[in-house]
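Input: a single structure, listed below in structure tokens.
The values are calculated or read from the model by the stated rules, or taken from the named source; none is laboratory data. Small disclaimer: the values here were computed from a predicted structure and weren't measured. Reconstructed Cβ throughout: ideal geometry from the backbone, glycine too, with neighbour counts over all protein chains shown.
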Amino acid sequence: MTRAILDCYTDEPAGLGVPPFVGVWPRYVAGLCEEEPTYLTIDDLRLVRYVESVPRVVIDPPAGRTHIEVLNHTRSYEEIRRVLENTDELVLILGVQTPGKYLSARPGTPREAKKLLAPFSLRKVLTGPVLTGGTQFRGGSRAKVPQAEDFEELRPFTFDTYEELQPRVLGGALLIAQMPRIANRIVEIETGRGCPRQKGCSFCTEPLKHAVQWRGADLIVEEVKTLMALGARAFRLGKQSCIYSYEGGDPQKLEALLAGVAALKPAVLHLDNANPQMIDERRTELFVKYLTPGSTAAMGIESFDPEVTRANNLNCPCDLAFEAIRTVNWRAPGREWLPRPAARDQHPAWAGE
């Protein structure tokens, strides 16, 4: 059976696969296939539609960045159509659960993918976060759940342990060779799953997916090494709800992870989510030591209103948020920590007000 993967791009509370980021889902799914599948993006389908509906349109290469909906196409129109006509099974990866503004891509929806695939006779299999939490581009709206009749199969991607997943991870890494400009893409690396909080934030889907489990540093280093051999140069340690909580917050295990990846000398090594409650100076110093410039700790502080915080079980009241920000950002030269502000009017954030 000839298989292809259609990457409609995913955006989860823990995990980003919208260009310029490369998510874990396409690589994991590719690792399940006996033979390497063909990689396509939703941009490829849009390119076919544009070329066939507007003859003589010039989109390849795109003029400037006006056509972000086709900016990340992987092949020429002729090649895309040939792949679709000769594919027996197409696995669609889809699911946006953190609505946002995307500057270099537009994720696909189930409705759009169904419409664009209508002219082709192939078996459509749906997987990705859309099956565990739905998908929705608008915050505050009810998530859209895929209709089974629109696809031949709904196939959740599951695994018990990271040791079990590792062969799939390494086998699926080959897929990045089909992605244009891979040296300029930021590859997401999974470090853990689940939410360490006893009860998560009201809007978040991560606690619904699985119990907390951390991925061993040796497995992560092995994956990064494999990806670098295939041309990847930029990485983000992500797919977890809080990197400061890695292995229960153990600084020694965190350093083993950071030192192991940094020793491979990637051009970019950044991190993702951080729970402000877990941010401290010791672990922050480890990130300062091993990460490359430009990294940020995404704290996801949704509101400073105490009533909103309480009603939605948010993890960060106002005073804790400012303390976490101070810890991450306010350091004097030589890594000397600035003293904590004694009062609001002395707080650097309010200076000059």
(Q) Any residue that is assigned to a helix (DSSP H, G or I), out of contact with any strand residue (DSSP E or B) (no Cβ under 7 Å at 6 or more places or on another chain) and modelled with pLDDT under 90 - is there at least one of those in the stretch 295-306? (A) yes
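I'd like the full set of residues that are among the small types (Gly, Ala, Ser) and either buried (at least 17 other Cβ atoms within 10 Å of the Cβ) or modelled with pLDDT of 95 or more (or both), limited to the stretch 178-221.
Our first condition is that a residue be among the small types (Gly, Ala, Ser); within the stretch 178-221, this holds for 183, 192, 194, 200, 202, 211, 216-217.
Listed by number, the residues that qualify are GLY192, GLY194, GLY200, GLY216, ALA217.
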Q) Here are some conditions: (1) part of a helix (DSSP H, G or I); (2) under 30 Å from GLY248 (Cα atoms); (3) basic (Lys, Arg). LYS199 meets all but one. Which one does it not meet? A) (1)
**Q.** Single unsatisfied condition, TYR9 versus (1) at negative phi; (2) touching a Leu at 6+ places or on another chain (Cβ under 9 Å)
**A.** (1)
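Is it the case that the stretch 274-292 has a residue that's hydroxyl-bearing (Ser, Thr, Tyr) and in a loop (DSSP other than H, G, I, E, B)? Full working, then the answer.
From the stretch 274-292, those hydroxyl-bearing (Ser, Thr, Tyr) are 284, 290, 292; that's our starting set.
Restricting the remaining residues to those that are in a loop (DSSP other than H, G, I, E, B) gives 292.
Looking through the stretch 274-292, at least one residue is hydroxyl-bearing (Ser, Thr, Tyr) and in a loop (DSSP other than H, G, I, E, B).
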**Q.** Those helices (runs of 4 or more DSSP H) lying entirely in the stretch 62-172 with at least 2 residues more than 20 Å from the chain's Cα centre (by Cα), among the aliphatic types (A, V, I, L, M) and surrounded by 15 or more Cβ atoms within 10 Å (Cβ to Cβ)
**A.** 77-85, 110-117
Q: Go through ALA259, ALA217, ALA232 for me and flag whichever is touching a Pro at 6+ places or on another chain (Cβ under 9 Å) and touching a residue at least 12 places away in the same chain (Cβ under 8 Å).
A: ALA232
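A quick yes/no check of all residues on (1) within 30 Å of LEU175 (Cβ to Cβ); (2) of a type outside the set (S, T, N, Q):
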site: GLU223; (1), (2): yes, yes
site: THR226; (1), (2): yes, no
site: GLU247; (1), (2): yes, yes
site: ASN273; (1), (2): yes, no
site: GLU281; (1), (2): no, yes
site: LYS289; (1), (2): no, yes
site: THR296; (1), (2): yes, no
site: ILE301; (1), (2): no, yes
Q: Report, by residue number, each residue of the stretch 231-267 that is more than 20 Å from the chain's Cα centre (by Cα) and either outside any helix (DSSP H, G or I) or within 21 Å of GLY17 (Cα to Cα) (or both).
A: ASP250, ALA263, LEU264, LYS265
